[in-house]
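Each value in this text was obtained by applying a stated rule to the coordinates, not by laboratory testing. If you're wondering where the values come from, they're calculated on a predicted model, not measured in any experiment. Here Cβ is always computed from backbone atoms with ideal geometry, including for glycine, and neighbour counts include all displayed protein chains.
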Amino acid sequence: MENLIFYLLGFGILLLVFISTIQILISKKISWKRMPFDNLIVLFLTSVALSTLFSSPNKIQALLNPNFGLLMMIFMAVLYFYISHNNGTMKQWNNLTIFSSVFLSLITIVFYFQPFKNISPGFTPVGSQLDLAVLLVFFVIYEIVSFPRRRESIQSWIPVFTGMTLILNFVAIFLTIYSLVKVRTGLDLSLQLPMPPFRLSWFAALESLKNPLTALIGVGPDNFAAIFTRVKDFAYNQSPLWQFESFSVSHSAILQIITETGIFGLITFGLLIFSVFKQFVGVGRDRPVSIILFVYLIICLFAFPPSLIVWFLFFVTLGLINQTPTTDVRTIHELSLPIYIGIIAISFLLIATSGYFLGRSYASEYYFKKSADGFTNKNLREVYENQRQAIILNPFIERFHTNFAQTNFVIANNVSSKIKNNKLSEQDRQTITQAIQAGIAESKTSVSLNPQKAVNWQGLAAVYLNIINTAKDADAWTISAYQRAILADPQNPNYRVALGGVYYSQKKYDDALRFFEQAVTLKPDWANANYNLAWANFQKKNYPQAVNAMQNALKLIDPKKDKSDYEKVKKELEDFKKMLPKTK
């Protein structure tokens with residue numbers, strides 16, 4: 001849903017630019033006002049652009065990131081300039097706010113009771129439950145603070161309407177917050193909205209300051225996941241979040257700015273905030289709505305991860321704050337013919353080029369979404385074709401290649417499972433070979449797009465692991481890929497268990513034992529790690545250590561939830577005890 005909002009916003013911005021170009025074409029003149037925040041907006045946009053250009057490994061994916069990407073920031077800057085340079089938008093904004101708050105509240109209330117079976121329980125029209133709560137509270141603050149002023153010049157029925165609107169808003173906020181609380185108590189995992197710990201988000205920001213280049217311009221947009229895996233610690237593995245290997249966004253939008261755009265981005269954004277509060281000192285008494293809303297959004301940027309909704313509200317509020325009588329006088333420039341033709345040509349070329357590539361990107365997301373529907377319908381051919389089309393339209397998205405690699409291996413396994421009497425036809429052999437080769441190629445592409453992300457190396461290792469018994473040197477490639485994943489994510493016990501499993505299958509029990517021990521050290525309360533450690537010790541004939549590890553594994557298994565596993569481990573523990581040396 002967030003991607004859909006991103007593309008809707010993008011096409012809307014292109015439409016605004018097109019309309020402005022037509023106005024220039026008709027009037028043959030450009031109208032412009034200098035606003036207090038214009039230069040700082042451009043400067044902050046420059047910091048994001050420099051970070052994308054010089055730090056982001058996958059620049060196209062960083063450009064298209066809907067949470068904190070360069071293209072999203074360009075859209076927001078254009079929206080800001082359009083709002084701040086058109087004084088008539090304030091009244092339109094008032095009407096739009098009331099209508100949107102009523103519509104969004106009704107949608108939230110209706111969908112909370114899940115009227116449609118084919119729509120997931122966590123559905124919201126703005127992307128996530130957290131974004132929905134932020135937006136609804138924004139609407140409530142706006143309506144409450146602005147109501148006293150509007151009441152003086154409106155009809156008598158308006159207070160009743162406003163009261164009903166606020167009641168709807170509060171009901172929607174209550175249901176949204178209840179859904180979030182229900183997630184955290186484990187009653188409905190389908191609505192789960194995990195965030196990285198604030199402590200580790202802070203450590204990630206500090207980690208980016210250790211290198212001179214990243215300290216200046218950050219690690220680059222869309223690259224928070226790479227640095228987060230480097231700062232995870234033992235405490236993280238003991239928390240319920242340990243199963244999330246990484247996060248793509250920080251706990252705080254401000255910390256995300258520091259991490260991904262460095263000191264330059266933080267300073268430019270800080271100057272922008274300072275400039276806004278400085279303006280409030282002069283005209284703030286006349287604009288209490290703007291002050292309260294802006295303070296609320298700053299709190300959201302400190303407390304919550306960056307998102308398209310929060311940035312949208314932030315830039316719209318900036319545009320509305322700029323509509324003050326303190327702005328410079330409007331200047332109108334008559335255009336000479338060469339300049340006139342040049343501006344029109346460049347504008348139309350920019351609109352056409354941006355629309356073409358934005359359309360291709362949206363189409364790729366559309367086909368990728370259709371591939372997920374194909375999995376639901378168990379139509380593997382549809383999944384394959386849609387994923388292939390998505391990659392053709394946009395070959396720079398890592399998750400496209402990762403999923404396409406998995407699909408190819410599913411195809412290879414399906415063909416293999418249908419073989420009778422262990423006899424392969426030439427066509428089956430060719431299909432399996434091509435699918436395996438495609439799977440390997442797609443996983444390598446994911447790694448090449450961003451080698452800093454551990455999950456890309458883990459995907460490549462998983463691909464090689466699938467062919468470890470059929471392809472020469474696949475075991476060495478598997479080990480190498482897992483080692484790179486461990487280097488990128490040194491606190492991840494999953495990778496060590498997987499690598500230990502590879503060594504175990506090769507009967508290299510010393511190496512297997514070493515990695516299983518490391519996994520248990522990283523997460524002592526993980527039954528699987530203790531179980532593998534027990535068997536590695538058993539193969540090494542370290543029977544006391546094997547019994548001890550198996551006992552730990554048994555203690556960590558819930559006999560009610562995992563009864564079969566509990567019985568299996570219990571039986572193996574009894575077998576292990578029989579190998580203990582007899583004592584007098």
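With the highest mean first, a sort of the peptides 508-519, 162-173, 425-436 on other beta-carbon atoms found within 10 angstrom per residue produces 508-519, 162-173, 425-436.
Length gained on full extension, residue 562 to residue 514: 14.5 nm, using 0.36 nm per residue less the C-alpha separation.
A compact globular protein would have a Cα radius of gyration near 2.2 N^0.38 Å; the ratio found for the chain is 1.15.
About its Cα centre, segment 435-582 has a charge dipole of approximately 380 debye under the convention of +1 per Lys or Arg Cβ and -1 per Asp or Glu Cβ, with nothing else charged. How much FRET efficiency would the formula 1/(1 + (r/R0)^6) give for residue 271 and residue 82, where r is the Cβ-Cβ distance and R0 is 30 Å, rounded to 0.05? It comes to 0.85. Between residue 145 and residue 29, the simple label model (points 7 Å from Cα in the Cβ direction) yields a spacing of 3.7 nm. Label-to-label distance, residue 97 versus residue 178, with points set 7 angstrom from Cα along the beta-carbon direction: 2.8 nm. Of the cross-linked pairs 232/523; 540/563; 507/568; 523/555, which ones have a Cα-Cα span greater than 21 Å in the structure shown? With Cα atoms farther than 21 Å apart: 540/563; 507/568.
Estimated at 0.36 nm per residue, the fully extended path between residue 540 and residue 170 surpasses their Cα-Cα distance by 126.8 nm. Look at the alpha carbon pairs under 8 Å that are at least 6 residues apart: their mean separation over the length of the chain gives a relative contact order of 15 percent. Packing, taken as the mean count of other beta carbons within 10 Å per residue, orders the peptides 195-206, 103-114 from highest to lowest as 195-206, 103-114. From the residues 313, 499, 336, which one has its Cα farthest along the dipole of the chain in the positive direction, the dipole being from +1 and -1 charges on Cβ of Lys/Arg and Asp/Glu about the Cα centre? Sorting the options by dipole projection puts first 499. Assuming charge only on the beta carbon of Lys and Arg (+1) and of Asp and Glu (-1), the dipole of the chain about its Cα centre is about 920 debye to the nearest 20. With Rh defined as the Kirkwood radius, the inverse of the mean 1/r over Cα pairs, the Rg/Rh of segment 492-584 is 0.98. Segment 235-274 and segment 398-476 have Cα centres lying 35 Å from one another.
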